[in-house]
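Trainee: Have a look at this one.
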Amino acid sequence: MDRGIELSEKLIVCCSKTALTTSTWVRKEVRRAVEKEHQWGIRDGVEAEFLLPIDLDGFLWQQDERGGYECKGDVPNTLRERHALKRDTGLAEDDQIASWVEQFKRVLWAKLGE
């Protein structure tokens, strides 16, 4: 995976409660991707963003009863700082997929500067 990160322009991170709370692999790979962003620094006057998080089940943004995030730690905080694609639970499943596709296109094209 390290070689894949080194050769890639972007890393799509599919975020779910399971991935963010039980997978040490996901946390390790997100940290490696952040290292790559730091190595890239600022490109063409814009801070480089390598990560494209997709919030599959809403857990990344879920808040506890005190208004804090249910999903805690450096990796979730890092992912929330990015232009994460969020799940709209008010939509039917097919409409949610269409919403993600549109969000993804907007974020991807914005990152490519088009």
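The values are calculated or read from the model by the stated rules, or taken from the named source; none is laboratory data. Quick caveat: nothing in here was measured; it's all calculated off a predicted structure. Because the Cβ atoms are built from the backbone with ideal geometry, glycine has one as well, and the counts that use them run over all protein chains shown.
Trainee: Any residue in segment 11-36 that's closer than 19 Å to Trp61 by Cα: show its pairings with residues that are acidic (Asp, Glu) at Cβ separation under 7 Å, as long as the two are six or more apart or on different chains.
Mentor: Cys15/Asp55; Ser16/Asp57; Lys17/Asp57
Trainee: Another question about this same structure. Hey, among Arg82, Arg87, which residue is modelled with pLDDT of 70 or more, part of a loop (DSSP other than H, G, I, E, B) and under 14 Å from Cys14 (Cβ atoms)? Show your work before the answer.
Mentor: Numbers: Arg87 fails: modelled with pLDDT of 70 or more.
When all the criteria are applied, what remains is Arg82.
Trainee: Considering only segment 39-46, I want to know if a residue exists there that is at pLDDT 80 or above, among the acidic types (Asp, Glu) and outside any strand (DSSP E or B).
Mentor: Within segment 39-46, the first condition is being at pLDDT 80 or above, and the residues that meet it are none.
No, the conditions are met nowhere in segment 39-46.
Trainee: Hey, could you check segment 47-66 for residues that are in a loop (DSSP other than H, G, I, E, B), at pLDDT 80 or above and not charged (D, E, K, R) and say which is nearest to Leu11 (Cα to Cα)?
Mentor: As a first pass, look at segment 47-66 and keep what is in a loop (DSSP other than H, G, I, E, B): 48-50, 56-58, 62, 64-66.
Going one step further and asking which of them are at pLDDT 80 or above, we end up with 56-58, 62, 64-66.
With not charged (D, E, K, R) added as a condition, the list becomes 56, 58, 62.
Values: Leu56: 16, Gly58: 19, Gln62: 23 Å.
Selected residue: Leu56.
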